[in-house]
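Asker: Below is a structure I'd like to ask you about.
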Amino acid sequence: MLKVSRRTFLKIAAATGAGASVLGKNILFQSADPVLAASTSPEVVKYSHCVQCNHTPFCGMKLIFKDDKLYRIEKRSDYNNNLICAKGVAAIQELYDPERLLYPMKRTNPKGEPGQWERISWDEALTTIADKLNGIKEKHGAEKVAFITGDPKEPRSALMRLAYTFGSPNFGTESSTCFLALDLSNKLTFGKNHFMTGPCGPGGNPVPGKTKVAIFWGTNPAWSAPFSVAGLRNAKEKGDCKYIVVDPRVTPTVHTFADVHLQIRPGTDGALALCFAKALIENDAYDKEFVEKWTHGFEEYAEYCKQFTVEKVAEICDVPAERIQEACDILVKQGSPIVCKTAAAWPHHVNGVNSHRAMWLLMPLTGSLDVPGGLKVPDEPMDFDMWNGSPGFSRARDLLPKLDDKRVDRKYVPIWADMEDYYAGQGNLQLNFLPEYVRDGEIKACVALGVNAMMWPQTQEYQKAFQDMEFAVSADFYIRPQTHDYVDMILPAAMSFERACPVARFGRKLFLREPVVEPAGEARPDYRICCDIGTALGFGDEFWGGGEKSEENCLIETLKTSGCGVTLEDLRAASPEGVVIPLKGEPQDKKYETGGLRYDGKPGFETPTGKMEFTSEVLRKYGFDPLPIYKEPTQGPVSSPEVAKDFPLILNSGSRVPMYTHSKQRHTPWLRDLMPEPICRLSPKAARERGIETGDEVELSTQFGAIRAKAEVTNIVRDDCIDMFHGWEQANVNLVHARDFDPISGFPSYKEGLCQVKKV
Amino acid sequence: MATYGMVLNLDHCIGCYTCVVACKMFYGTRPGVDYNGVVPVEWGEFPNAKQRYQLPMCMHCIDAPCVTVCPVKATYASEEGVVLMDYDKCVGCGLCVTACPYDARTLVRDDVTHFEGIVLPHEEEASDRLNIVEKCTFCYGAVKNGGQPMCTVHCPGVCRIFGDVDDPESEISKYIKEKNAVRVEGTHIWYVAPADMPKEFLPMSPVEAAQAKAAK
Ligand code: SF4
Ligand code: SF4
């Protein structure tokens, strides 16, 4: 075989002029002359953080270079998140992957066919984009252009700035199928999203000696946030906190933490939460004073909870009643504060927001809000947005409200659209209705950063939406046929070690990430791509003329508008260490008493009633039941028994595996070797009944179609469930999911389909 | 004199594979050449179903069979009890691969790298090795420089404790005592296991492992 020595490799990777062979989708580094570089060169240490999963943990990385090439990745000690996982280590393979997309490309054949790509210059790319988008703006209005980010989450604030400056409110993200419905649930309850939930957010982490009960509910930090496990386990070993783990699967989180594991039928979480509430209320184990003074709708809620008896809920959730009783007893006996640690599995049900509210309300019910060991709200929040841009930088606060009436999602999900918190720098279009927006001519073009159409249920409808747009451009690390076969142009994005924006933030500590290598080929950081497009569109002033200084200019603007008082120079001077922004006052508990939870600084909550709402007045106003009601999944053995006759298994997809994040990392050999093929997991009993063994090829079918995968017979799933990991091009599970959406959030129901599995 | 050992706390393992990938990076091993592994094992049935992980690797046997069979003394034990390879001496006969009761050794036969035709910087050293046998070294080089094995450094579950078992004050000695870690007889590995883990899944002594291998 042809083998390129290290010395040759160095030359190739260093040569920004390395040619691309543009044959179909293979863009390879080409060989070049060897350069001389001794392997005994000294090691040079640089620092960065990982973005292999979801760009919120910022796991610290110590990068060891030799001859200017990344030689090794190690964890970074003395850092906030100081452990990395297999995906983090494997970033070295992504950086040097010869299949990375290195040049802007335009297609030479019609959309919908396997893409044939021709390399173009950035100039041509930017001119074309500007012509197309400005043309659409002139003819139909700027709002007809959607601006979409998938993965990474990092460039969101920059893309918002681009969208709003251009004049379109229609900026959306993959989070409209991921976790933002949790956020909505928080807003309906508290008026604002004060608490970063999920495995990566600080909200929900038990504090030793303070927290009495921790409920890990539908989350598996062992695989979604491995860096956090040791710390969480220390907390478990130290205090007298009891752990309830609710998960339909037997994950490592279960064996690491659970005092009680409730392995419920998917989609029944809401009933369980209401049962817990009933136990707390009936046993007088709730915080009467807090409920009395600071909440709204308690009577109605308490009355509603009454029907969720242990016996009934044991039947609904299909777990032994003794186990539910045990969990109730723990809650009643241990007292408060409690924390509930949740994740994006929650909203993937048609009743997702309400189920999550039912769970969420356990915390205020027990007086666990903004007290040590409960769900703490950050003191003196800084004006960063969730993606470490700022509302000032993204212009969500000044420009977006004026564009609000041009949002295209309001008629599908009015609550979602109306509850967007522009003040906090948020404005997320619900993208699940993209096929409808395009069909109705409401969206005619898009700028996408890292989008993968496989994330949506009935993927083909979204592919068609991209295809039917007048113009679609997408930036990415790779050519991804499932998406790029349907767009007009692709742009090469710089990977994490090649870019600077945004800063890493741990509460009040900021770290600058200096790029540690030059972008491969002609790849550009997404922040720069946004500035370059903005400049090409005619907004040179707003985007500092684009170019190489883009990231720096964006960082300066973000830091300035965040009001954190730290400048880019400060961060540079401290780098690789971070800069802590001290509190001006003293840390405070129970900030609802002192006005810290409302924009107007008055005591209470940012809700219609000014109180924490057990019955949501927003929901009532929009014609929904204001209670956190429990509803059976639309597709399920109980609600659709006729479907269940042919498709008796519950299709549970969308959860994490240790080696991949969503559709990513399939290019990365070390990780791909750990799960080379799509895996359909079923229990030993389900497998026996179907004559299936591990390794058999199986067909997974629903009313909507069928895909093929390799069977893995495993204890981790229930007998009535299938666990299928998503994001496989050759077996995209979202092709067989229904487009059933939660009417409140518009979220798809990835955890409640019905399916059958058979050997082929 | 130090004696190196490692505790595998199977109760802490979260099956994340970081140990496997960190090791592959550090040694730049070729596709299919893994010095360690993570193997899920299961028992019980729903609603009491269990899944845990075995952590196979070289057990650094005392009186290791691989050392005994090597005709050219390429396989040897260091004074600290670490079973090592001298690649310059190895003739690739593969006798040690057969002799290893744990299948912890790989004869590197194929001149392949992870990206076809490309040797990445971290793979360069290993790319010179062909027709020789590779295995876990307890990261002897790093350890001698005051470091720790890569799998141990990077394990997010904190399952792996490494050090000098002769020194009663070392972290590993204290850990063994505190956790009542069990020594795998005839090796330099100790383990802590979940209380309900069936015996068949626990790490075996070289003698038991050899029997199991023969039975296969
Ligand atoms: S958990 Fe893993 S993938 Fe995610 S940031 Fe940390 S090291 Fe990277
Ligand atoms: S790194 Fe640690 S927790 Fe992860 S699989 Fe290896 S031993 Fe287990």
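The values are calculated or read from the model by the stated rules, or taken from the named source; none is laboratory data. Everything quoted here is computed from the prediction, not taken from an experiment. Glycine gets a Cβ as well: all are built from the backbone with ideal geometry, and neighbour counts include every protein chain shown. Keep in mind that these areas ignore ligands, DNA and RNA; they rest on the heavy atoms of the full protein, side chains included. Shrake-Rupley method; radii C 1.70, N 1.55, O 1.52, S 1.80 Å.
Asker: So how much accessible area does B:VAL72 have, in Å² to the nearest 10, using a 1.4 Å probe?
Answerer: Taking all protein chains as shown, B:VAL72 has close to 50 Å².
Asker: State, in square angstrom and to the nearest 100, the accessible area buried between chains B and A, both chains counted, probe radius 1.4 Å.
Answerer: On the way: alone 11420 and 27430 Å², together 34350 Å².
The summed interface area works out to 4500 Å².
Asker: Give me the percent of DSSP beta bridges within the stretch A:204-374 that run antiparallel, rounded to the nearest 5.
Answerer: 0
Asker: Got a sec? Which residues of the stretch A:311-347 lose 10 Å² or more of accessible surface with every protein chain in place, vs. that chain alone, 1.4 Å probe?
Answerer: Listed in order, they are A:ASP318, A:PRO320, A:ARG323.
Asker: Students often get this wrong: which residues of the stretch A:545-574 have the backbone nitrogen under 13 Å from the point 7 angstrom along Cα-to-C-beta of A:GLU380?
Answerer: Hits in the stretch A:545-574 for A:GLU380 at 13 Å: A:563-566.
Asker: Keeping all protein chains in place and using 1.4 angstrom, which order do A:LYS584, A:LYS212 fall into by accessible surface area, from largest down?
Answerer: A:LYS584, A:LYS212
Asker: Something else: Please state the relative contact order of chain A as a whole percent: Cα pairs under 8 Å, 6+ residues apart? Show your work: numbers first, answer last.
Answerer: Details: 1728 pairs, mean separation 126.9, N = 760.
Dividing the mean separation by the residue count of chain A yields 17 percent.
Asker: So which trypsin sites (Lys or Arg not before Pro) in the stretch A:473-564 end up in coil per DSSP with only 13 or fewer other C-beta atoms within 10 Å? Present the calculation step by step, with values, prior to reporting the outcome.
Answerer: Details: sites: A:ARG499, A:ARG505, A:ARG508, A:LYS509, A:ARG513, A:ARG528, A:LYS549, A:LYS560; in loops: A:ARG499, A:ARG508, A:ARG513, A:LYS549.
Hits after loop and neighbour filter: A:LYS549.
Asker: Run through the DSSP bridge list for the protein assembly as shown and note the antiparallel percent, rounded to the nearest 5.
Answerer: Around 55 percent antiparallel, to the nearest 5.
Asker: Let's test the formula: R0 of 35 Å, r as the Cβ-Cβ distance of A:GLN703 and A:GLU113. What FRET efficiency results, to the nearest 0.05?
Answerer: In this case the efficiency is close to 0.75.
Asker: Roughly speaking, to the nearest percent, how much of chain B's 1.4 Å accessible area is carbon and sulfur?
Answerer: Within chain B, the accessible surface is 52 percent carbon and sulfur.
Asker: Let me ask you something else. Below 8 Å, C-alpha to C-alpha, sequence gap of six or more: please give me the relative contact order for the stretch B:4-215 in percent.
Answerer: 30
Asker: How about the stretch B:2-62: which trypsin sites (Lys or Arg not before Pro) there are in a DSSP loop, with at most 15 other Cβ atoms within 10 Å of their Cβ?
Answerer: Taking the stretch B:2-62 and a limit of 15 other Cβ atoms within 10 Å, no loop trypsin sites (Lys or Arg not before Pro) are found.
Asker: Can you compute the helix-only [θ] at 222 nm over chain A? Use -39500 (n - 2.57) per DSSP H run of at least 4 residues, normalise by all residues, nearest 500 deg cm²/dmol.
Answerer: Taken over chain A, the calculation gives -8000 deg cm²/dmol.
Asker: Of all DSSP beta bridges in the stretch A:638-754, what percent run antiparallel (nearest 5)?
Answerer: Given both bridge residues lie in the stretch A:638-754, the antiparallel proportion sits at roughly 60 percent.
Asker: While we're looking at this one, here's another question. Would you kindly derive the ³J(HN,Hα) couplings of the stretch B:128-140 from the backbone phi angles with the Karplus curve 6.51 cos²θ - 1.76 cosθ + 1.60 (θ = phi - 60°), listing them in order in whole Hz, with x for Gly and Pro?
Answerer: Whole-Hz 3J(HN,Hα) from phi for the stretch B:128-140: 7, 9, 8, 6, 10, 9, 10, 6, 4, 10, 6, 6, 3.
Asker: For the stretch A:698-745 and the stretch A:457-522, write down the distance between their C-alpha centroids in whole Å.
Answerer: 26
Asker: Which order do A:PHE58, A:PHE227 take when ranked by solvent-accessible area (1.4 Å probe, heavy atoms of all protein chains), largest first?
Answerer: A:PHE227, A:PHE58
Asker: Roughly how many Å² is the accessible area per residue of the stretch A:466-538, as a whole number, for a 1.4 Å probe?
Answerer: Here the per-residue accessible area is 22 Å².
Asker: Name the residues whose placed amide hydrogens come within less than 5 Å of the amide hydrogen of A:ALA475, ignoring near sequence neighbours (fewer than 5 apart) on the same chain.
Answerer: Sorted by chain and number, the residues that satisfy this are A:ALA448, A:LEU449, A:GLY450, A:VAL451, A:LEU491.
Asker: Please give the per residue accessible area of the stretch B:4-215, computed with a probe of 1.4 Å over protein heavy atoms only, in Å². Working shown, then result.
Answerer: On the way: 8710 Å² over 212 residues.
Heavy-atom accessible area per residue stands at 41 Å².
Asker: Taking square-rooted eigenvalues a ≥ b ≥ c of the alpha carbon gyration tensor, is chain B rounded, prolate or oblate, where a/c under 1.5 means rounded and, failing that, a/b exceeding b/c means prolate?
Answerer: Verdict is rounded for chain B.
Asker: Report the charge-dipole magnitude of the stretch A:462-537 in Debye, nearest 20, computed about the Cα centre from +1 at each Lys and Arg Cβ and -1 at each Asp and Glu Cβ.
Answerer: Once rounded to the nearest 20, the dipole reads 620 debye.
Asker: Only protein chains counted, 1.4 angstrom probe. Which residues of the stretch B:143-168 are at least 30 Å² less accessible in the assembly than when their chain is isolated?
Answerer: Buried by the other chains: B:VAL153, B:HIS154, B:PRO156.
Asker: Something else: For chain B, which span is the longest to avoid every loop-located (per DSSP) member of GluC sites (Glu not before Pro) having at most 16 other Cβ atoms inside 10 Å?
Answerer: Details: sites that count: B:GLU45, B:GLU79, B:GLU116, B:GLU169, B:GLU185.
It runs B:117-168.
Asker: Let me ask another. Using only Cα atoms, tell me the angle between helix A:526-536 and the longest principal axis of chain A; keep it within 0 to 90° and round to the nearest 10.
Answerer: The helix A:526-536 is inclined about 60 degrees to chain A.
Asker: Related question: Could you report the accessible area of B:ASP34 in Å², rounded to 10, computed with a 1.4 Å probe on the protein chains as they sit in the structure?
Answerer: Result for B:ASP34: roughly 70 Å² accessible.
Asker: Treat every Asp and Glu Cβ in the protein assembly as shown as -1 and every Lys and Arg Cβ as +1, leave all other atoms uncharged, and give the resulting dipole magnitude about the Cα centre to the nearest 20 debye.
Answerer: Charge dipole of the protein assembly as shown: 300 debye, to the nearest 20.
Asker: Something else now. May I ask you to derive the FRET efficiency for A:GLU617 and B:LEU107 from their Cβ-Cβ distance with R0 = 56 Å, giving the value to the nearest 0.05? Please report the intermediate quantities before stating the final value.
Answerer: Details: r = 71 Å, r/R0 = 1.27.
After rounding, the FRET efficiency stands at 0.20.
Asker: Contact order normalised by length for the stretch A:204-374, with contacts defined as Cα pairs under 8 Å and 6 or more residues apart; what percent is it?
Answerer: It comes to 33 percent, rounded to a whole number.
Asker: Let me make sure I get this right: for the stretch A:430-548, a, b and c are the square roots of the gyration tensor eigenvalues over alpha carbons, sorted descending. Under 1.5 in a/c it's rounded, otherwise prolate if a/b > b/c, else oblate. Which is it?
Answerer: Values: a/c = 1.88, a/b = 1.67, b/c = 1.13.
Taking the square roots of the gyration eigenvalues as a ≥ b ≥ c, the stretch A:430-548 is prolate.
Asker: Which of the residues in the stretch B:8-23 lose at least 40 Å² of accessible area when you go from the chain alone to all protein chains together (probe 1.4 Å)?
Answerer: B:HIS12, B:ILE14, B:CYS16, B:TYR17, B:THR18, B:VAL21
Asker: How many percent of the accessible area of chain A is carbon or sulfur, using a 1.4 Å probe?
Answerer: Percent of accessible area from carbon and sulfur atoms in chain A: 49.
Asker: So which GluC sites (Glu not before Pro) in the stretch A:67-127 end up in coil per DSSP with only 16 or fewer other C-beta atoms within 10 Å? Display every interim value, and only then the final one.
Answerer: Numbers: sites: A:GLU74, A:GLU94, A:GLU99, A:GLU118, A:GLU124; in loops: A:GLU99.
Hits after loop and neighbour filter: A:GLU99.
Asker: Just to check I understand the Karplus step: with θ = phi - 60° and J = 6.51 cos²θ - 1.76 cosθ + 1.60, what whole-Hz values come out for the stretch A:652-658, glycine and proline as x?
Answerer: 3J(HN,Hα) across the stretch A:652-658, in whole Hz: 10, 10, x, 8, 8, 10, x.
Asker: Mind checking the full-extension length gain between A:GLU436 and A:LYS584? Use 0.36 nm per residue of separation minus the Cα-Cα distance, one decimal, nm.
Answerer: My answer for the length gained is 48.4 nm.
Asker: Arrange the peptides A:279-290, A:462-473, B:100-111 so that the one whose residues have, on average, the most other Cβ atoms within 10 Å appears first.
Answerer: Taking the mean over residues of other Cβ atoms within 10 Å, the ranking is A:462-473, B:100-111, A:279-290.
Asker: May I pose another question? Under the rule a/c < 1.5 gives rounded, and otherwise a/b versus b/c splits prolate from oblate, where does the stretch A:641-759 land using the Cα gyration tensor?
Answerer: oblate
Asker: Here's another thing I want to ask about it. In sequence order, what are the phi-derived ³J(HN,Hα) couplings for the stretch A:686-700 according to the Karplus relation 6.51 cos²θ - 1.76 cosθ + 1.60 with θ = phi - 60°, rounded to whole Hz, with x for glycine and proline?
Answerer: 4, 5, 4, 4, 10, x, 9, 10, 3, x, 5, 7, 10, 9, 9
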